[in-house]
Amino acid sequence: DSGRLTVIAGPMFSGKSEELMRRVRRATIAGVDVLVVSHSLDTRSDISTITSHTGVNIPAVPLGDSAFLAEAARQKDYDLIAIDEAQFFGAELIPAVDELLRQGFDVIVEGLCVTFDGQPFEPLPSFMAVAEEVLRLTAVCTVCGKDAVFHQRLEQKDSPIGSGPAKNAEAPQETLAATAIDASHIGGLDSYVARCRQHFTGADRGA
Ligand code: ADP
């Protein structure tokens, strides 16, 4: 029998990693042999684990390329292959996952479906089109608290990351206030924030 494809997709901070870990934990309890795969380019954490923004982590096998997927899946008699941050693998992941599914492995693909400038981010949209199950998650807008379907990069001058307090003493008050909120949400690890459609301004920034 062919396998079943589940997709977990959304912007940053939408709980994709948490949901992937929850499903992996449940499958393990049920006696399912799970291979958790991450991309070795993902520098968010130790490469042999996947980590959520809440700091929880589980072991994972880092791969540099989707060409190694089939081989890794065959090493043990795995039932389920869970792929974290799938966008790192690029479009090559599509045929690689298709092969796994045809061979009978169940696959969970988790990743960003939108770029920081608001564009569809392959390969997630393609996987969403053909999956048996799609879980589309939203984050919380850091301005208004509504559902955030986007994430955007903080402008460097707004960002406290790695540079201590904003250097520009003349920065408007609301910028400094927003910075404080963002910093608490992202734990100082990176410089992205979740935004709803109304408060998303990322599309016209890098242009
Ligand atoms: P993802 O993998 O989608 O980036 P994670 O599973 O790593 O998400 O982290 C989700 C967690 O991030 C939430 O449970 C919450 O604790 C935290 N978080 C921080 N900022 C936000 C935000 N703006 N919206 C929602 N959750 C946030």
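Computed from the coordinates by the stated procedures, all read-outs in this text should not be read as laboratory data. Quick caveat, the model's predicted, so the values are computed rather than measured. Positions of Cβ are backbone-derived with ideal geometry, glycine not excepted, and every protein chain shown enters the neighbour counts.
Quick rundown of the values:
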| read-out | value |
| --- | --- |
| Neighbour-limited loop hits for trypsin sites (Lys or Arg not before Pro), the range 21-101 (at most 12 other Cβ within 10 Å; DSSP other than H, G, I, E, B) | Lys76 |
| Cβ-derived FRET efficiency at R0 30 Å, Asp117 paired with Asp1, nearest 0.05 | 0.15 |
| Antiparallel DSSP beta bridges within the range 5-137, as percent of all bridges there, nearest 5 | 15 |
| Other-chain or far-sequence residues with amide H under 5 Å of Cys113's (modelled H) | Gly10 |
| Within-12-Å neighbourhood charge of Ala67 [Cβ basis; K, R +1; D, E -1] | -4 |
| Amide hydrogen neighbours beyond the local backbone of Val134, cut-off 5 Å, H modeled | Val7 |
| Derived scalar couplings ³J(HN,Hα) [the range 121-134; Karplus, 6.51 cos²θ - 1.76 cosθ + 1.60; whole Hz; x for Gly, Pro] | 10, 5, x, 4, x, 5, 5, 4, 5, 10, 7, 5, 9, 10 |
| Under 5 Å, built H, 5+ apart or other chain: amide partners of Ile50 | Ile58, Ala60 |
